[in-house]
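A short worksheet on the structure shown next.
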Amino acid sequence: MKRLLAAYSWLVFAFLYLPIAVIVVLSFNESRFGVNWTGFSLKWYEALLENRRIGEYLGNTLVVAFTSTLVSTVLGTLLAMGIVRYRFRLRSFLRYLLYVPVVVPDVVMGISLLLLFDTVRDGIGWPRLSLFTIILAHISFQIAYVTLVVRARLMLLDPALEEAARDLGADNWRTFWEVTLPLTWPGVVSGALLAFSLSLDDFVVTFFTSGSGSTTLPLYIYGKVKTGITPEIHALSTLMVGATILILALGALFWRRR
């Protein structure tokens, strides 16, 4: 039984990571077409560094990801605090409403946001589809993920800790900054990382809410699929995988030292 489970586990891991390994290997392949290995080469990384358009699209992607993550993390944390620590009318309805952006298909989210932006623009002449509308669209679904993660962390905290801080003379803001936020910080960081990853690779919502001059990497890669993917995309994907592994390793090292 143990051998069967071990074999099943290896098959699952192979299914998940073998395609990534193939892309990494092909990024060092000298051949431009096909998967036949013709020799080791770094020319696709050199071509990637010389491609200014990819640098521009990567910049757009990072601007959208960092901005939307920052805003959604702040708003999601405050919303989670309000739902967990305070009681008000329609509190249960709002709690269940948070799951809507999580379960609704991306196509529906993208079309609904596009119609919303078009309706508002017809009324007041703003906003036009741009990086700004992409950021707003990403915030609209990132808030739900951040709120759910932070809410789960807050529910594990003992409210007596906050009550003790108030008994010692701390007001609500001092209690939040000195007690609640430090104890909730792992959930806030987890929610922010989740929101950042969702924004970084989102395609469907970005496709419907983007305009001219607001192309991101997922949109660029989608366009290259139609005309043929070059090994430059393999090199770019390899660098992104390497950056992800490096961030995870640094995070694990940080928490281990703590």
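The values are calculated or read from the model by the stated rules, or taken from the named source; none is laboratory data. This one's a predicted model, so the numbers in the text were calculated from it and none came from an experiment. Here the Cβ positions follow ideal geometry from the backbone for every residue, glycine too, while neighbour counts run over all protein chains shown. Remember, those area values only see protein heavy atoms, side chains included, never the ligands or the DNA or RNA. Shrake-Rupley method; radii C 1.70, N 1.55, O 1.52, S 1.80 Å.
For segment 144-166, which positions are touching a Pro at 6+ places or on another chain (Cβ under 9 Å) and open to solvent by less than 50 Å² (accessible area, probe 1.4 Å)?
Filtering segment 144-166 down to residues touching a Pro at 6+ places or on another chain (Cβ under 9 Å) leaves 144-145, 153.
The one that is touching a Pro at 6+ places or on another chain (Cβ under 9 Å) and open to solvent by less than 50 Å² (accessible area, probe 1.4 Å): A144.
When residues in segment 196-206 are screened for being among the charged types (D, E, K, R) and open to solvent by less than 50 Å² (accessible area, probe 1.4 Å), 1 of them pass. Screening A80 on (1) surrounded by fewer than 10 Cβ atoms within 10 Å (Cβ to Cβ); (2) modelled with pLDDT of 90 or more; (3) of a type outside the set (F, W, Y) shows it passes everything except condition (1).
Report yes if some residue within segment 26-38 is assigned to a helix (DSSP H, G or I) and of a type outside the set (S, T, N, Q); otherwise report no. Scanning segment 26-38 turns up at least one residue that is assigned to a helix (DSSP H, G or I) and of a type outside the set (S, T, N, Q).
Scanning segment 179-195 for residues that are open to solvent by 50 Å² or more (accessible area, probe 1.4 Å) and in contact (Cβ under 8 Å) with a residue 40 or more places away in the chain gives S190, L194. Name the residues in segment 19-43 that are among the aromatic types (F, W, Y) and modelled with pLDDT of 85 or more, would you? Residue satisfying the conditions is F28 alone. Given T209, T230, T216, T238, which one is open to solvent by less than 40 Å² (accessible area, probe 1.4 Å) and in contact with an Asp or Glu (Cβ under 9 Å, 6 or more places away or on another chain)? Going through T209, T230, T216, T238 in turn, just one is open to solvent by less than 40 Å² (accessible area, probe 1.4 Å) and in contact with an Asp or Glu (Cβ under 9 Å, 6 or more places away or on another chain): T216.
Taking segment 213-258 only, how many residues are of a type in the set (G, A, S), touching a residue at least 24 places away in the same chain (Cβ under 8 Å) and out of contact with any helix residue (DSSP H, G or I) (no Cβ under 6 Å at 6 or more places or on another chain)? Walk me through it before giving the result.
In the first step, residues of segment 213-258 are kept if they are of a type in the set (G, A, S); the result is 213-214, 223, 228, 235, 237, 242-243, 249, 251-252.
Okay, now just the ones that are also touching a residue at least 24 places away in the same chain (Cβ under 8 Å), so 213-214, 235, 237.
Within this subset, residues satisfying the condition of being out of contact with any helix residue (DSSP H, G or I) (no Cβ under 6 Å at 6 or more places or on another chain) are 213.
Of the residues in that region, 1 qualify.
Residue by residue, here is whether (1) among the β-branched types (V, I, T); (2) touching a residue at least 40 places away in the same chain (Cβ under 8 Å); (3) closer than 30 Å to V188 by Cβ holds:
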| site | (1), (2), (3) |
| --- | --- |
| R3 | no, no, no |
| A6 | no, no, no |
| L11 | no, no, no |
| L18 | no, no, no |
| E50 | no, no, no |
| N60 | no, yes, yes |
| T73 | yes, yes, yes |
| L98 | no, yes, yes |
| M109 | no, yes, yes |
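For the structure I just gave you, tell me whether T175 is part of a helix (DSSP H, G or I), open to solvent by less than 60 Å² (accessible area, probe 1.4 Å), β-branched (V, I, T) and in contact (Cβ under 8 Å) with a residue 40 or more places away in the chain. Spelling it out, it is not the case that T175 is part of a helix (DSSP H, G or I), open to solvent by less than 60 Å² (accessible area, probe 1.4 Å), β-branched (V, I, T) and in contact (Cβ under 8 Å) with a residue 40 or more places away in the chain.
Of the helices (runs of 4 or more DSSP H) lying entirely inside segment 181-233, those containing at least 1 residues that are farther than 29 Å from V25 by Cα are 181-200, 204-209. Looking at L16, L49, just one residue is open to solvent by 50 Å² or more (accessible area, probe 1.4 Å) and either modelled with pLDDT of 85 or more or assigned to a loop (DSSP other than H, G, I, E, B) (or both), and that residue is L16. The set of residues from segment 52-77 being open to solvent by less than 60 Å² (accessible area, probe 1.4 Å), within 19 Å of the chain's Cα centre (by Cα) and of a type in the set (V, I, T) comprises T61, V64, T67, T69, V71, T73, T77.
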